[in-house]
Amino acid sequence: MTTEPTLAPSETTLTASGIARLANVGRAAVSNWRRRYADFPTPVGGTPASPSFDAREVEHWLRRHGRLHQAGTDEWAWRHIESYQPAAQISHALGIAGALLLVRADQAPTPHAGLPTPRQLITRLRALDPAVATMVDPLVPKQWTAQLSTMLGAVDQLGAEQGPEAAFEHLHHRYVSSAHSLSGLAGTPDIVAEVMLALAGRGDVTFDFTSGTGSILRLAADLALTRGTATRCYAQEINPQYALITLLRLWLLHLRVRRSVPDAAPPVVHVGDSLLADALPDLRADVIVANFPFGVHEWGHDKLAYDPRWTYGLPPRTEPELAWVQHALAHLTPGGTAVVLMPPAAASRPAGRRVRAELIRRGALRAVVALPAGLMPPTGIGLHVWVLTQPDPHQPPAGDLLVVDTTAAPDRPLTDTVATAWSAYRSTAYAELPGVHRTVPAIDVLDDQVDLTPQRHLPHTSDLTADPTQVIAHISDFDQLLDQLRRGLPAVRQAPAVRQAPDIPLRDAPQADVADLVRSGSISVHRAAARSRSTGATATAVVLTAADILSGSPATGTTTRTADDEPGPEIRPGDILVPVIGRRITARVATPEQVGAELGPGTQLIRVDTTRFDPWFIAGVISRTDNLRIAGRAASTGNGAMRIDVRRLSIPVVALEQQHAYGQAFRQLVEFRATLERASAAGATLAREISDALTSGTLGLTS
């Protein structure tokens, strides 16, 4: 379904960014319209650098010129929230929108019902839950502004189409991926939350003491509902805006829960610092899940030196994660389970080894799971999941620690790998999966380091050691590669002091500027087509990247374009490909696999008249090391790379027959470099394979 936007009355204004969102174009397009169209609305405020325009006039102009973007109600509802001014209060706008949807969800549908007044909204929230009303009340004005009326109208329509809960989940998803809300928000992806809840199991009470916007708790409540039960959710969050979003999300789900479990207790959310101002000191939960902030050294070490929660030892100032771990244990019921995300360094840092040792010695830490990198920020490292239980003083401590390395089973679903290992560990018939999971006796962990890193306790010798027959075959292949390398260089000799035409040295040949040759039409230089900043992409194309040029591989990059974007130049046989930015000039003639691909960003090509020039000759003389000084200009990358303009170069003018001879030599050198790189990589791999095979005993030395 598509709808027209409903803009606010004439006193509402739009910036250039707001106009761009309405038309689904980049801000540059708005600037072009202002210059090209005399009837474009005149600014009504702002500054010359950042003018504002009358919203109604802009809407009429966009509609008249056929540029008003058609979008669904969900898109328009989000755009009104995203455009909320001041932009710093976008979380407030989302909170008010969620409050309206919660009121609608709690009432029987009323066709054509108008917006409740601010007072009516707070009154209805207070009847539902005074805590929600208390959080929302400071955000609501005495009367709806034109901006809020427009936004709430779109949100109300979205709720009518999708249902209030689904509507708010859509808006929340857009919110967490918006640039306006990224400061301080560490969301937990569904796949990670599913792993954590598979380890945590079931419980009547679930607690998250750093809830963020409530993603893990909401999933826990939803999973309980699918089992026909209910779990009461408790949360604490230091950010009041995130706490409100958590409460709204949990309440919208709770209304659905009450239809199946009428006596289900409502969610409870508190605002505050969980370590310094624990709002629920007496709470004991069956399940605790948490994704707390890492590396916050000012966590209250001095103020909490004698806190009763530190039953496993005072956490060092540099180990705030171990403070959170003990906070979780302090809130667990006997037999309850806490599952927390941890940075991998927390498993091995020297400062925390005493606390880690005590957790192991007393049986509080039951499992450490290593997740793959890239699941969530920081994307460069794989986080750990720690599973903890509250030790029963009447029972002996558990003796073994389960370690799981999910990166060793990349072909298996992540949740299945973890859940299977945990279920087997808790059964009476545990069997390890070599390289993936095993149980480690506590005595083996309690050494000088107390390193809990799973990979340390999961040797992969059998996986790393290649089959001995394969190693011997690799040695033979390497010999052939070396032989190919020996024959790869072109035949050369020392040039005589005096040389006669036509065998003129290239340094003595006349030089022609590439820029002049471009103007004459015998050479042309092409770059990738510019892309608009519009978000309405209609097609995806495979393009050649700078990395593809350097490796000689087929096109691997992708780019998106709208209907207004022109496709980039298509690579033809004989085209010379050059990356735009680099530490040296690398020119390569297109391979057969690259022909037909589209030229991608960061690349350029030189197309020559092959009746006058040999492409490999041109590529070779352009790649000369000293040419970077002439064609290179400092790039903005900050890593010492240069932006290369080949038009600034000159090329020797020699007969085509001599070009062919040099071109063949330049081509051999390119192939020699490629073979040399293959030999280097193959040699390093072969050395490792032989070393591992000798160590493991699958290979022996000849006498």
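The values are calculated or read from the model by the stated rules, or taken from the named source; none is laboratory data. Since we're looking at a predicted model, the values are computed, not measured. Note: ideal-geometry Cβ built from the backbone for every residue, glycine included; neighbour counts use all protein chains shown. For the accessible areas, the whole protein counts, side chains as well, though only heavy atoms, and no ligand, DNA or RNA atoms are used. Shrake-Rupley method; radii C 1.70, N 1.55, O 1.52, S 1.80 Å.
Being surrounded by fewer than 17 Cβ atoms within 10 Å (Cβ to Cβ) and either within 19 Å of Asn239 (Cα to Cα) or among the aromatic types (Phe, Trp, Tyr) (or both) is true for just one of Ala265, Ala277. Which residue is that?
On the way: Ala265 fails: either within 19 Å of Asn239 (Cα to Cα) or among the aromatic types (Phe, Trp, Tyr) (or both).
Result of the check over Ala265, Ala277: Ala277.
When Asp208 is tested against (1) charged (D, E, K, R); (2) closer than 25 Å to Ala421 by Cα; (3) out of contact with any strand residue (DSSP E or B) (no Cβ under 6 Å at 6 or more places or on another chain), only condition (3) is not met.
When segment 438-456 is limited to residues that are in contact with a helix residue (DSSP H, G or I) (Cβ under 7 Å, 6 or more places away or on another chain) and in a helix (DSSP H, G or I), the one that is most open to solvent (accessible area, probe 1.4 Å) turns out to be Ala442. Considering Asp204, Asp208, the condition of being charged (D, E, K, R), surrounded by 24 or more Cβ atoms within 10 Å (Cβ to Cβ) and over 25 Å from Arg412 (Cα atoms) is satisfied by Asp208 alone. Here Ala619, Ala597 are screened, and the one residue that is buried (at least 20 other Cβ atoms within 10 Å of the Cβ), within 30 Å of Thr559 (Cβ to Cβ) and under 36 Å from the mean Cα position of the chain (by Cα) is Ala597.
Given the options Ile581, Ile549, name the one that is touching a Lys or Arg at 6+ places or on another chain (Cβ under 6 Å), at pLDDT below 90 and over 30 Å from Arg27 (Cβ atoms). If you could, list the steps in order and put the result at the bottom.
Details: Ile581 fails: over 30 Å from Arg27 (Cβ atoms).
Exactly one residue qualifies, and that residue is Ile549.
Phe666 falls short on exactly one of the conditions (1) open to solvent by less than 30 Å² (accessible area, probe 1.4 Å); (2) in a helix (DSSP H, G or I); (3) within 23 Å of Ile581 (Cβ to Cβ), and that condition is (1).
For segment 267-284, the set of residues classified as more than 17 Å from Ala323 (Cα to Cα) and either free of Cβ contacts under 8 Å to residues at least 12 places away in the same chain or among the aromatic types (Phe, Trp, Tyr) (or both) consists of Asp282 only.
To keep it simple, each residue is scored yes or no on (1) outside any helix (DSSP H, G or I); (2) on the phi < 0 side of the Ramachandran plot; (3) not β-branched (Val, Ile, Thr).
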| position | (1), (2), (3) |
| --- | --- |
| Val289 | yes, yes, no |
| Pro293 | yes, yes, yes |
| His301 | yes, yes, yes |
| Gly313 | yes, no, yes |
| Thr318 | yes, yes, no |
| Gln326 | no, yes, yes |
| Gly336 | yes, yes, yes |
| Val340 | yes, yes, no |
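Checked against the criterion of being touching a residue at least 40 places away in the same chain (Cβ under 8 Å), under 22 Å from Gly313 (Cβ atoms), surrounded by fewer than 19 Cβ atoms within 10 Å (Cβ to Cβ) and in contact with a Leu (Cβ under 9 Å, 6 or more places away or on another chain), the candidates Pro343, Pro372, Pro334 yield just one match: Pro343.
Within segment 423-437, the only residue that satisfies the criterion of being part of a strand (DSSP E or B) and either open to solvent by less than 30 Å² (accessible area, probe 1.4 Å) or more than 13 Å from Ala409 (Cβ to Cβ) (or both) is His437. Within the span defined as segment 357-370, one or more residues are in contact with a His (Cβ under 7 Å, 6 or more places away or on another chain) and under 16 Å from Ala193 (Cβ atoms).
Residues being of a type in the set (A, V, I, L, M, F, W, C) and assigned to a loop (DSSP other than H, G, I, E, B): count how many of those fall in segment 133-163.
From segment 133-163, those of a type in the set (A, V, I, L, M, F, W, C) are 133, 135-136, 139-140, 144, 146, 148, 151-152, 154-155, 158, 160; that's our starting set.
Checking which are assigned to a loop (DSSP other than H, G, I, E, B) leaves us with 140, 144.
Residues flagged as of a type in the set (A, V, I, L, M, F, W, C) and assigned to a loop (DSSP other than H, G, I, E, B) within segment 133-163 amount to 2.
Matching residues to (1) under 13 Å from Ile618 (Cα atoms); (2) among the small types (Gly, Ala, Ser):
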| position | (1), (2) |
| --- | --- |
| Pro652 | yes, no |
| Ala665 | yes, yes |
| Glu671 | no, no |
| Ala674 | no, yes |
| Thr685 | no, no |
| Ile690 | no, no |
| Thr695 | no, no |
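If the condition is being aliphatic (A, V, I, L, M), closer than 13 Å to Thr453 by Cβ and part of a helix (DSSP H, G or I), then segment 342-389 contributes Ala345, Ala346, Ala347.
Given the options Ala264, Ala235, name the one that is assigned to a loop (DSSP other than H, G, I, E, B), within 25 Å of Asp129 (Cβ to Cβ) and in contact (Cβ under 8 Å) with a residue 12 or more places away in the chain. First the steps, then the outcome.
Values: Ala235 fails: assigned to a loop (DSSP other than H, G, I, E, B).
Of Ala264, Ala235, the one residue that is assigned to a loop (DSSP other than H, G, I, E, B), within 25 Å of Asp129 (Cβ to Cβ) and in contact (Cβ under 8 Å) with a residue 12 or more places away in the chain is Ala264.
For segment 17-29: of the residues being among the aliphatic types (A, V, I, L, M) and under 15 Å from Arg79 (Cβ atoms), which is most open to solvent (accessible area, probe 1.4 Å)? First the steps, then the outcome.
The first filter runs over segment 17-29 and keeps only residues among the aliphatic types (A, V, I, L, M), leaving 19-20, 22-23, 25, 28-29.
This time we only want the ones that are under 15 Å from Arg79 (Cβ atoms), so: 19-20, 22-23, 25.
Working: Ile19: 0, Ala20: 7, Leu22: 13, Ala23: 11, Val25: 40 Å².
Taking the candidates together, the pick is Val25.
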